[in-house]
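Just below is one structure, and these are the notes that go with it.
The values are calculated or read from the model by the stated rules, or taken from the named source; none is laboratory data. Just so it is clear, the structure is predicted and the values come from calculations on it, not from any experiment. Backbone-built Cβ (ideal geometry, glycine too); neighbour counts: all protein chains shown. Please note that ligands, DNA and RNA were not included when accessible areas were found on the heavy atoms of the full protein model with its side chains. Shrake-Rupley method; radii C 1.70, N 1.55, O 1.52, S 1.80 Å.
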Amino acid sequence: MRMPSAVPFRVSGAHRLLAALAAMAALQGAAIAQPQASAPPAPPTAQQATTPSPSPALLPVPAAGAEPPPQPLPCPAPVPATARCLAGKDAAGAFYWMAVPADWNRVLVVHAHGGPDLGKPTPARGQEDLQRWAILVRAGYALAGSTYRRGGYGVTMAAEDTERVRALFVEHVAQPRRTVLHGQSYGGGVAAKALDLYGPAEGRDSPYDGALLTSGVLGGGGNAYAFRLDLRVVYQYVCRNHPGAQEAQYPLWMGLPAGAQMSREDLAARVRECTGIGLPASERSPEQMARLKTILDVVKIPERSLVSHLSWATFLFRDLVQHRLGGRNPFGNVGAVYRGSDDDEALNAGVARYKADPEAVAALAADSRPSGRLGLPVLTVHAIHDPTAFVELEDAYRQIVARAGSADRLVQVFTDQADHSYLSDPEYPAAMGALMSWIDHGEKPVPQQVARLCAGMAKRFPDGGCQFRPDFQPQPLAARVPKRDTPAVLQKK
């Protein structure tokens, strides 16, 4: 998920970067008007060959085309001023960025960003990512990433675009000694899918040596987003204003009906009216506080993330259902038992119930669900109290990997933090250092080792400190998200 960056930046350098990117995009406009892609799709894995084909809108197939080279641009702070920064727009329509430090350790980190953003890609998105993850450049790693070719949901599409920027780096900058995928939030799922598409397989070498997945939305879209349908039905049962009684009624899995003009501000106003969120606690009525408590206790989310989750369950659902899945429903709640209200019997009898469309479920799984077959070392880092991507998603991913027989290729570590978009400066280079020792020397890390590496990194990068919890193990996802009837297409996965 994309959240506002907390990383400070030098305004003059940032403005120069944006202006140069805009000028470059205008100059290249004629060449990139029709989206194309230079990197051919990877050959299908055995799983892909037997998986039902998803909607064409969900998995657009890029055509071949030539790629213009990246252009040098000023590096925005906090990227070191001595670094070399480049940017461009690829033939598929995605903006991309690269940064190489003066003391480069010859390791390239290819970043898959969070989201998904629902608007058109912009250079500003790439600048934000470069600034947020400047800690890796400061630690000696080259960094490259893509904005993805379009907004909206599309995990496989984003994985293709991420691989394309790696190929551009190799073609126009340098051949690294090692290449590591880094996926953050939604990008964690993108990187996990890229491991399927571009990881080592029979008769195929991989351009990657390992992956670091941080705060990942893991396990596929079905696992990651089902609770947001729960939020929609529980919220509507309690508040009855999304949609309101005088508005056209529609199935809540749709997000919004076609042509609806609701804005995020409109949605926040409805939530405020029902629950008092956005008002000081002293100004909330007893009825508002009771309604808010019911929603939070049943859906098991913190107050600070209610509006954002409801926003995703509105605007992302609209994108996913109407623009990627042909109007079909990938989420169901038949069989889900909700608990935590003052009257659970009435709640479960009164909430709307929906059955998922098997074709939509299959399409979403084909696009976003990883196979779990890991041919490379993978390290994940997740905050225990992440308000956006629940830490229990790590257990869902662990189970997928274990069922695929790849448990020995996965290490998961956790921090005692309550953030999603960024944890702390020393924690990321510590995790990367542990991963690189595994890749280079075969030394599979244990959580205690990552914590010790962080303590050393904190002497150089002290901001935020180290809060690893080596003894923590997450609960199964069902401890937070109620089980429900499983579509047949997923029962064997």
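If both residues of a DSSP beta bridge must be in the chain, then about 40% of such bridges are antiparallel.
Summarise the accessible area of the chain (1.4 Å probe, protein heavy atoms) by the percent that is carbon and sulfur.
54
Accessible area per residue for the chain, computed on protein heavy atoms with a 1.4 Å probe, is 39 Å². Taking Cα atoms only, the orientation of helix 155-172 departs from the longest principal axis of the chain by about 10 degrees. Relative contact order of the chain: 15 percent, from C-alpha pairs under 8 Å at least 6 residues apart in sequence. Principal-axis analysis of the Cα atoms of the chain puts helix 123-132 at an angle of about 80° to the longest axis. Full extension of the chain between A268 and K355 yields a length gain of 28.5 nm, computed as 0.36 nm times the residue separation minus the alpha carbon distance. The alpha-carbon of K89 sits under 19 angstrom from the alpha-carbons of these aspartates and glutamates, leaving out residues fewer than 8 places away in its chain: E67, D117, E128, D129, E160, D161, E163, E171. Residue pairs exceeding 24 angstrom between C-alpha atoms, taken from K355/K483; K120/K193; K300/K355; K444/K483: K444/K483. A Förster radius of 41 Å, combined with the Cβ-Cβ distance separating V170 from S305, puts the computed FRET efficiency at roughly 0.60. Bridging of K293 to aspartates and glutamates at a Cα separation below 18 Å is possible for D230, E273, E283, E303, D342, D343, D344, E345, once same-chain residues fewer than 8 apart are set aside. For the range 325-435, the Cα-based Rg and Dmax, in that order, read 18.3, 52 Å.
Sum up the charges of everything whose Cβ sits under 14 Å from the Cβ of Y235, counting Lys and Arg as +1 and Asp and Glu as -1, but leave Y235 out.
+4
Ranking A418, Q184, M262 by Cα position along the charge dipole of the chain, where only Lys, Arg, Asp and Glu carry charges on their C-beta atoms, puts Q184 farthest toward the positive end.
Couplings 3J(HN,Hα) for the range 281-287, derived from phi with the Karplus relation 6.51 cos²θ - 1.76 cosθ + 1.60 (θ = phi - 60°), are 3, 5, 9, 7, 6, x, 5 Hz, where x marks Gly and Pro.
Distances between placed amide hydrogens fall under 5 Å for R84 paired with V100, A102, all partners being 5 or more residues away or on another chain. The solvent-accessible area of T82, taken with every protein chain present and a 1.4 Å probe, is close to 110 Å².
Percent of Cα pairs in the range 369-493 per distance bin of 10 Å, from zero to the largest separation: 13, 39, 34, 12, 3, 0.
With the convex hull built on the Cα atoms of the chain, state its orientation-averaged projected area in nm².
Averaged projected hull area, Cα only: 23.0 nm².
Computed per residue of the chain from DSSP H runs no shorter than four, each worth -39500 (n - 2.57), the mean residue ellipticity at 222 nm is -11000 deg cm²/dmol. Can you work out D for the range 285-387 in µm² s⁻¹ from Stokes-Einstein, where Rh is the Kirkwood radius over C-alpha pairs, the temperature is 37 °C and the viscosity is 0.692 mPa s? Translational diffusion coefficient: 196 µm²/s.
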